[in-house]
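Chemist: Sharing a structure here in structure tokens format.
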Amino acid sequence: MGIFNNDDTQTTQAGATIIAKGTTIIGGINTPGSVHIDGKFEGVILDADLISVGTTGEVIGDVKANSIVINGLFDGKIDCETIQILSNGKVIGDIVYTELMIDSKGKFEGHGIRKGSELTSRYGEIEKKINNIVGNQFQIEQEVEDSKKK
């Protein structure tokens with residue numbers, strides 16, 4: 001859509017893409033505007049400013065957007081700056097984000113990576129120590145049982 005100002009120079013305004021309840025779209029969307037989904041979308045959405053998934057909305061695929069608000073179902077991969085999972089929202093998959101907000105009844109099952117995070121896990125090295133302790137304890141218990149049988 002074009003809008004003309006007093007100089008007769010044209011500027012563009014990003015529009016909204018709406019996928020209504022009862023509608024299924026399979027494919028791809030590339031838009032600098034917003035996308036609202038109350039129906040079903042399977043595919044890829046790129047470069048959107050805002051993606052919102054309503055309570056009846058379902059997305060299966062990969063998305064890249066500035067902001068994402070989910071109050072329906074999302075299954076796939078998300079790359080965004082901010083993501084908000086509302087109380088009816090369910091996200092399954094991988095998220096790369098800067099800011100993540102999950103309402104108390106919102107659900108997230110998957111893997112999340114915060115962009116620019118300096119946090120590193122030491123669990124792997126501790127897990128080895130735990131396995132050694134548990135393994136040694138099991139071996140000791142087996143030796144005690146074996147000696148009782150003799």
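Chemist: Once amide H atoms are built 1.01 Å from N in the peptide plane, which residues 5 or more positions from Val96, or in another chain, come under 5 Å H to H?
Modeler: It is Ile78, Asp79, Cys80, Ile113, by chain and number.
Chemist: Oh, and also: Estimate the FRET efficiency between Glu127 and Lys107 by the formula 1/(1 + (r/R0)^6), using the beta-carbon distance for r and 30 Å for R0, to the nearest 0.05. Write down the numbers at each step before the final one.
Modeler: On the way: r = 27 Å, r/R0 = 0.89.
Once the sixth-power term is evaluated, E becomes 0.65.
Chemist: Further, regarding this structure: Taking 7 Å along the Cα-to-C-beta vector as the label spot, tell me the Thr82-Thr98 distance in nanometres, rounded to one decimal.
Modeler: That separation, rounded to one decimal, is 1.0 nm.
Chemist: Also: Rg to Rh for the range 2-114: what is it, with Cα atoms only and Rh by Kirkwood?
Modeler: On the way: Rg = 14.9 Å, Rh = 14.3 Å.
Computed over Cα atoms, the ratio is 1.05.
Chemist: Measure up Lys40/Lys90; Lys21/Lys107; Lys90/Lys115; Lys40/Lys64; Lys64/Lys115; Lys77/Lys115 against 19 Å on the Cα-Cα distance and list the ones that go over. Please report the intermediate quantities before stating the final value.
Modeler: On the way: Lys40/Lys90 14 Å; Lys21/Lys107 22 Å; Lys90/Lys115 22 Å; Lys40/Lys64 17 Å; Lys64/Lys115 14 Å; Lys77/Lys115 15 Å.
Lys21/Lys107; Lys90/Lys115, as the Cα separations exceed 19 Å there.
Chemist: Also, I was wondering about something else. How would you rank 99-105, 119-125, highest first, on the average number of other Cβ atoms within 10 Å across their residues? Present the calculation step by step, with values, prior to reporting the outcome.
Modeler: On the way: 99-105: 12.0, 119-125: 7.0.
Ranked from most to least packed, the peptides come out as 99-105, 119-125.
Chemist: Let me ask another. What is the packing order of peptides 52-60, 68-76, 19-27, 110-118, taking the mean over residues of other C-beta atoms within 10 Å and listing the highest first? Write out the running numbers ahead of the final one.
Modeler: Details: 52-60: 20.3, 68-76: 21.9, 19-27: 12.2, 110-118: 10.0.
Result, highest mean Cβ count within 10 Å first: 68-76, 52-60, 19-27, 110-118.
A short reminder: the numbers here are calculations on the coordinates, not readings from a lab. Small disclaimer: the values here were computed from a predicted structure and weren't measured. Ideal geometry is used to build each Cβ from the backbone, glycine not excepted, and the neighbour counts take in all protein chains shown.
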